[in-house]
Amino acid sequence: MSEWAPRRFWTTASAVPAEGGFAVQLDTRPLRTPRKALLILPTAALAEAVAAEWQAQGDRVDPASMPFTRMANSAIDTVTASFDEIARMVGDYGGSDLLCYRAEGPEALARRQAEAWDPLLDWCATTLGAPLRTTAGVVHVAQPETSLAALRDLVGGMTAFRLAAFHDLVALSGSLVLALALTRGRLGVDEAWRLSRIDEDWQVSQWGEDEEAADVARRKHAAFLLADRFYGLCG
């Protein structure tokens with residue numbers, strides 16, 4: 001049995017100015033979130049991207065083909081309602097950041113990590129005012145509370161829309177520092193993703209590529225690119 005999907009009932013999806021930002025209209029009907037809030041977007045560019053997803057639908061609606069709509073819904077229905085909790089959760093990644101945990105061996109991998117990640121931790125210390133400690137292995141290393149507070153403040157200063165995307169950038173990369181470097185222009189999106197995958201790429205170079213793991217990596221990479229684009233469209 002095929003999964004039920006709603007039929008298309010509109011002719012034209014368009015982005016229009018609205019109180020508090022920009023709305024998306026399906027003909028003359030304003031688009032709403034799953035929790036029935038008006039879908040008010042912060043920029044015309046993001047509204048146009050969402051409208052384009054709805055305009056591209058066929059006879060039946062395919063939610064999987066509308067990632068910008070899905071993330072905008074999340075920003076309004078979930079992030080706005082629980083902003084402090086989500087910002088704190090994302091900020092807490094600074095206490096266990098990927099870049100702070102180095103391989104005990106082999107030496108070539110440890111050297112590759114240091115060459116790639118040390119400059120970013122230096123940037124985090126000097127530009128963001130948040131020095132972080134590194135360790136070898138998986139034993140937890142305590143980070144300076146002043147550094148964690150500085151990182152939490154940066155996350156807490158984001159809008160709900162940016163935080164929705166930033167959450168995905170951090171979760172997918174495993175690094176708050178990488179996500180901050182990306183969104184602040186220190187890194188490009190391809191470089192940020194590559195730097196988050198040093199351990200995995202090393203394993204592939206030594207043992208070959210596992211097809212299932214490669215498929216998971218491709219899907220994560222696509223989601224990472226999407227989150228970066230959504231963040232940029234938020235203004």
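The values are calculated or read from the model by the stated rules, or taken from the named source; none is laboratory data. Keep in mind it's a predicted model, so treat the numbers as computed, not measured. Note that each Cβ is placed from the backbone with ideal geometry, even for glycine, and that neighbours are counted across all protein chains shown. All accessible areas refer to the heavy atoms of the entire protein, side chains included, with ligands and DNA or RNA removed. Shrake-Rupley method; radii C 1.70, N 1.55, O 1.52, S 1.80 Å.
With R₀ fixed at 45 Å, the C-beta to C-beta distance from W202 to T159 puts the FRET efficiency at about 0.75.
Indicate the gyration tensor shape class of the range 128-235 (rounded, prolate or oblate), computed on the Cα atoms with a ≥ b ≥ c the square roots of the eigenvalues: a/c under 1.5 is rounded; otherwise a/b larger than b/c is prolate and the rest oblate.
oblate
In this rough spin-label picture, where each label sits 7 Å from Cα along the Cβ direction, the A56-A37 distance is 2.5 nm. For the chain, modelled as a Gaussian network with Cα springs under 10 Å, which listed residue fluctuates most, E191, E212, E145? Between E191, E212, E145, it is E212 that shows the largest mean-square fluctuation. Available extension along the chain between E211 and R229 is 3.8 nm, counting 0.36 nm per residue and deducting the alpha carbon span. Between F161, F83, F224, the GNM of the chain built on Cα springs shorter than 10 angstrom shows F83 fluctuating the most.
Could you check which residue among S147, S65, S196 shows the biggest mean-square fluctuation in a GNM of the chain with a 10 Å Cα cutoff? In the Gaussian network model the winner is S65. With the cut-off at 1.5 for a/c, could you classify the range 142-200 from its C-alpha gyration tensor as rounded, prolate or oblate? Oblate, because a/c is 1.5 or more while a/b does not exceed b/c. The long axis of helix 44-55 is offset from the longest Cα principal axis of the chain by roughly 60 degrees. Based on protein heavy atoms only, the chain ends up with 53 Å² per residue of surface accessible to a 1.4 Å probe. In degrees, nearest 10, range 0 to 90: what is the angle between the Cα axis of helix 198-207 and the longest Cα principal axis of the chain? For 198-207 against the chain, the angle is about 70 degrees. The Stokes-Einstein estimate for the range 116-178, based on a Kirkwood radius over Cα pairs and taken at 4 °C with 1.567 mPa s viscosity, is a diffusion coefficient of 101 µm²/s.
Against the chain, whose longest principal axis is taken from its Cα atoms, helix 160-173 shows a tilt of about 40°. Segment F9..R219, full-extension length gain: 72.5 nm, with 0.36 nm per residue of separation and the alpha-carbon distance subtracted.
Taking trypsin sites (Lys or Arg not before Pro) across the range 27-68, the ones in a DSSP loop with at most 10 further Cβ atoms lying within 10 angstrom of their Cβ are R35, K36. Heavy atoms only, probe 1.4 Å: what % of the accessible area of the range 63-127 goes to carbon and sulfur, would you let me know? That fraction is 53 percent.
Annotation for the range 131-189 versus the range 26-97: alpha-carbon center distance of 22 Å.
Quick check: from the Cα gyration tensor, does the range 36-132 come out rounded (a/c under 1.5), prolate or oblate? Prolate shape, in that a/c is at least 1.5 and a/b is the bigger ratio.
Counting Lys and Arg as +1 and Asp and Glu as -1, each charge on the Cβ, what is the dipole of the range 136-209 about the Cα centre in debye, to the nearest 20?
300
Accessible surface of V139, taken over heavy atoms with a 1.4 Å probe and every protein chain present, rounds to 110 Å².
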